[in-house]
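Encoded as structure tokens, the structure appears first; notes follow it.
Every read-out reported here was derived from the displayed coordinates using simple, explicitly stated rules and does not represent laboratory data. As the structure is a computational prediction, the values presented were derived from the model and not from experiment. Using ideal geometry, Cβ is built from the backbone for each residue, glycine included, and neighbour counts are taken over all protein chains shown.
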């Protein structure tokens, strides 16, 4: 009995500690970033360009860069993931599906730096030579590789959601003479939309939060990219690049604005996923 | 690359050699029988030299602990000044204001040049300073204008905290503009990789980093090499500094003395810098 209570207390302590870390993290960023909120400086930082030579430390280019790269990654990964998860759930269930699924699960375990490394030596020269414009370090390269990085997250969520659609729905559709393709489009995908959106939101969180791929492949130019072949910098890469500067400088303080933005995005994504999962209710 | 950044951020405690070898060089004799810790932080260009020196000292006397952290030149000056570390490293000379505010003692133990580099296949391997400024400002944006292929020039630069960038910007570009479309890489090593892989690139690295994978570009007719930096013919150079708050005492004193000893000079030269007295 005593041992049980001890264990209970230990687990409670662990839970409280880990939960408070996330809250403390936000408090830390807000307190250290407080000077930014005085005198409306934060609005200038959010909207201005990054030109340290002219004492302009705006993070607007980084916000655009982050959104552009993450959006491209999702645009690449979404059809790919939907296709692969349909293959697993519908087209070829059984041995092939198991094989594909374990390959996808294996992909989640590959360190990000490996994707980055392969990207630098294979995709960057390919993009540079194919489009004959720029250095190959650009939104397109980073978006493509990031798409491959986030695809497994989507595939695993999508295929689980497709598998959870009640079997009776499927049988009914088949009894009406629906082909497997029709079953997929009219029954399974509409029935699994919550899981699909959840996977998409989680993948978006991962795409926005990734640091290394953007740092290695996007070029890191602090400009608003004019197209997919332009060099761009993400918020995360910006933090990594500026963190070694003088702690007292304004450029260092803008990092807290980047941190708070990233925190807010992740929090919003988590809340959205919770709401969706909550609505699914007991069927889960 | 990520490792490089973490390297800057996190303190690296040197723990080398379980087997304690007897002190061989005379310059290491000062550490004999001593106990304690030397804390070092700051400029990242200094780290290879610091680590090698620490390794040798620790091998001679395992009771001396030496911790080496990065953080950049600004961090080195600040932490030395506030007494957070025993020795702060800087890739730029601290300002008179910083020296008087903190009472810093400045030791310049090496010279380092910053050389412009291009891909080895690039026929453009000599530039005037005005041309270089126009390239980085973005007014010249095609190699054809310089006698090269009809390809856009891909600019590469370093992050804001880089001492290498600071010296390139002030001495090669005369504090001129660096166009916002320039790609930014986080270390000297990453710069070399980027330029070696991009036939239309132009970038700059510490002279110690130049090897066969990239081609040095002569600036106003002077090729950046250890010799031209040493003679002063190549102008884009800087000192590597170590700073202490007031006159250094005990282990910190001996560490700095070691850098100026023949063994220290050998380490500095070995890491691609020019030792100075």
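Classify region A:1-112 from the C-alpha gyration tensor, please: rounded if a/c falls under 1.5, else prolate or oblate depending on whether a/b exceeds b/c.
Working: a/c = 4.00, a/b = 1.21, b/c = 3.30.
The shape class here is oblate.
Rounded to the nearest 10 degrees, the angle from helix B:47-60 to the longest Cα principal axis of chain B is 20 degrees.
Under the rule a/c < 1.5 gives rounded, and otherwise a/b versus b/c splits prolate from oblate, where does region B:41-84 land using the Cα gyration tensor? Can you show the working numbers first?
On the way: a/c = 4.04, a/b = 1.74, b/c = 2.31.
Here region B:41-84 falls in the oblate category.
In peptide B:151-163, what is the residue-averaged number of other protein chain Cβ atoms found within 10 Å of each Cβ?
Numbers: counts 3, 4, 1, 7, 4, 6, 2, 1, 9, 12, 9, 3, 0.
For peptide B:151-163, the averaged partner shielding equals 5.
Modelled label positions at residue B:125 and residue B:82, each set 7 Å beyond Cα in the direction of Cβ, lie 4.8 nm from each other.
Mean per-residue shielding of peptide B:174-187 is 5, counting Cβ atoms of other chains within 10 Å of each Cβ.
Scaling against 2.2 N^0.38 Å puts the C-alpha radius of gyration of region A:109-175 at 1.74. Remark: the residue A:185-residue A:169 segment gains 4.5 nm on full extension, using 0.36 nm per residue and subtracting the alpha carbon distance.
To check you understand DSSP bridge types, tell me what percent of the beta bridges within the protein assembly as shown (both residues inside) are antiparallel, rounded to 5. Don't skip to the answer; put the middle values down first.
Working: 28 of 45 bridges.
About 60 percent, rounded to the nearest 5.
The peptide list A:254-266, A:8-20, A:47-59, put in order of mean Cβ contacts within 10 Å with the highest first, becomes A:254-266, A:47-59, A:8-20. If you take the square roots of the eigenvalues of the alpha-carbon gyration tensor of region A:60-278 and sort them as a ≥ b ≥ c, do you get rounded (a/c under 1.5), prolate (a/b over b/c) or oblate? Since a/c reaches 1.5 and a/b is larger than b/c, the shape of region A:60-278 is classed as prolate. Note on the protein assembly as shown: semi-axes of the ellipsoid equivalent to its C-alpha gyration tensor, largest first and rounded to whole Å, are 48, 32, 22.
Each peptide in A:169-176, A:88-95, A:122-129, B:164-171 gets a packing score, the mean of other Cβ atoms within 10 Å over its residues, and the list from highest to lowest is B:164-171, A:122-129, A:88-95, A:169-176. Label positions at residue A:129 and residue B:100, each projected 7 Å from the Cα along the C-beta direction, are separated by 6.0 nm.
I need the calculated FRET efficiency for the pair residue A:178 and residue A:16, taking r as the beta carbon distance and R₀ as 35 Å, to the nearest 0.05.
My answer for the efficiency is 0.10.
Report summary: the helix-based calculation at 222 nm, which adds -39500 (n - 2.57) for every DSSP H run with n ≥ 4 and divides by the residues of chain A, gives -22500 deg cm²/dmol. Residue ranges B:198-204, B:222-228 sort as B:198-204, B:222-228 when ordered by packing (mean number of other C-beta atoms within 10 Å per residue, highest first). Beta-bridge orientation, chain B: approximately 60 percent antiparallel, per DSSP, counting only bridges with both partners inside.
With a Förster radius of 51 Å, plug the Cβ-Cβ distance of residue A:95 and residue A:24 into 1/(1 + (r/R0)^6) and report the FRET value to the nearest 0.05. Present the calculation step by step, with values, prior to reporting the outcome.
Numbers: r = 48 Å, r/R0 = 0.95.
The calculated FRET efficiency here is 0.60.
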